[in-house]
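Below is one structure, written out as structure tokens; comments come after it.
The values are calculated or read from the model by the stated rules, or taken from the named source; none is laboratory data. Given the structure is predicted, the values throughout are model-derived calculations rather than measurements. No Cβ is skipped: glycine too gets one built from the backbone with ideal geometry, and neighbour counts run over all protein chains shown.
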Amino acid sequence: MLLITGSNGQLGFELKRIYSEQYAIFSTQENLPTAHLEKLSLFFEQNTITAIINCAAYTQVDKAESDQENCYALNDRAVENLSQMSAKYQIPLIHISTDYVFNGKNYIPYKEVDETNPSSVYGLSKKSGEDKFLQYAFSGCIIRTSWLYSSHGKNFVKTMMNLGSTKESISVVCDQVGTPTYAYDLACAIKKILPQIQKNEKEIYHFSNKGVASWYDFAYEIMKLKKLQCKITPIETKDYPTPATRPHYSVLAKNKIKNRFGIEVRHWREGLEECLQKIS
């Protein structure tokens, strides 16, 4: 059986569309608190787990600045615990990470070997979790992704749709650039990757959809596809201050994952169009 953590999140939801409960156990922090080593160990003693996909994460980027303990519990300690289970039972672990491990000051797509330098508590906690995976896990990979969205849960797409249907005009940041990633596409990539992981193989990969956009571009496309009449005004980051620093540039290079696993990547607009069809 697979263990898929964070099953009530965006990626966990999409993995439920791909893996049936006949082959996977879908856990939440309520029924399996992964930061609690004793409870996690007992779970592994009572179940025959053949692989782990860790989608669970503390993702409230701004709240993390004042909630470091809970942020690190899920993004760091839980990853260490799952990595130790991977080592103890000699099973692969796929761990999902983020573009926030970089400081966002690049001007060309980030490669897996590029220096990490997080500039937020969230980014620091995710980088620490990556380090624990590399130190303790038996095998598997870290997949860094960016600007994740889905038809499920809270995300930028749903926020824009709500604002677009209730407001005449909104302002959206135009000087932060990255690539939106449809969670279903990432879930499909994970399903293709998992059976190809070799014993003792531990690597970092990047995955997002193709193309580049600012948050303004992303919002504009959402309004256009949903035929919403809301006017969008582009603004700079300095005009929208937040507790946590956002990366100005977070485009990820994907050649490594495409070449290693034969992953096909589509343009972010194609993923967005498909996702919007699933949202009423």
Which of the following residues is of a type outside the set (D, E, K, R), modelled with pLDDT of 95 or more and surrounded by fewer than 24 Cβ atoms within 10 Å (Cβ to Cβ): A73, A78?
A73
Does A244 satisfy the condition of being surrounded by 18 or more Cβ atoms within 10 Å (Cβ to Cβ) and not basic (K, R)?
no
Options I96, I142: the member that is in contact with an Asp or Glu (Cβ under 7 Å, 6 or more places away or on another chain), at pLDDT 95 or above and within 23 Å of S208 (Cβ to Cβ)
I142
Cβ-Cβ below 9 Å, separation at least six or inter-chain, first residue in region 74-102 and closer than 22 Å to T116 by Cα, second of a type in the set (D, E, K, R) and assigned to a loop (DSSP other than H, G, I, E, B): which pairs?
Y100/R246; F102/D114; F102/E115
Looking only at region 41-48, decide whether some residue is at pLDDT below 95 and more than 20 Å from T181 (Cβ to Cβ).
no
When you scan region 207-235, how many residues do you find that are surrounded by fewer than 19 Cβ atoms within 10 Å (Cβ to Cβ) and more than 20 Å from K167 (Cβ to Cβ)?
3
Find the residue count for region 128-139, including only residues that are more than 14 Å from P92 (Cβ to Cβ) and either touching an Asp or Glu at 6+ places or on another chain (Cβ under 9 Å) or among the polar types (S, T, N, Q) (or both).
5
Which of the residues spanning region 24-42 are outside any loop (DSSP other than H, G, I, E, B), in contact (Cβ under 8 Å) with a residue 24 or more places away in the chain and more than 14 Å from S7 (Cβ to Cβ)?
L37, L40, S41
Among residues of region 183-206 being modelled with pLDDT of 95 or more, charged (D, E, K, R) and over 14 Å from the mean Cα position of the chain (by Cα), the residue surrounded by the most Cβ atoms within 10 Å (Cβ to Cβ) is K202
Picking from K158, K227, K127, which residue would you name as being of a type in the set (K, R), touching a residue at least 12 places away in the same chain (Cβ under 8 Å) and more than 23 Å from T34 (Cα to Cα)?
K158
Among the residues of region 147-154, is any in contact (Cβ under 8 Å) with a residue 24 or more places away in the chain, under 13 Å from the mean Cα position of the chain (by Cα), within 19 Å of Y249 (Cα to Cα) and outside any strand (DSSP E or B)?
yes
R269: passes all of (1) among the basic types (K, R); (2) assigned to a loop (DSSP other than H, G, I, E, B); (3) buried (at least 16 other Cβ atoms within 10 Å of the Cβ) but (2)
Taking the stated definitions as given, is I96 within 17 Å of I4 (Cβ to Cβ) and hydrophobic (A, V, I, L, M, F, W, C)?
yes
Could you tell me whether I4 is surrounded by 23 or more Cβ atoms within 10 Å (Cβ to Cβ), within 30 Å of V251 (Cβ to Cβ) and among the aliphatic types (A, V, I, L, M)?
yes
Please verify whether P195 is out of contact with any strand residue (DSSP E or B) (no Cβ under 6 Å at 6 or more places or on another chain) and closer than 30 Å to L3 by Cα, treating the condition exactly as stated.
yes
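Listed here are the residues, each with its yes/no results for (1) surrounded by fewer than 17 Cβ atoms within 10 Å (Cβ to Cβ); (2) under 18 Å from F207 (Cα atoms).
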| site | (1), (2) |
| --- | --- |
| T48 | yes, no |
| M85 | no, no |
| L93 | no, yes |
| K105 | yes, no |
| P109 | no, yes |
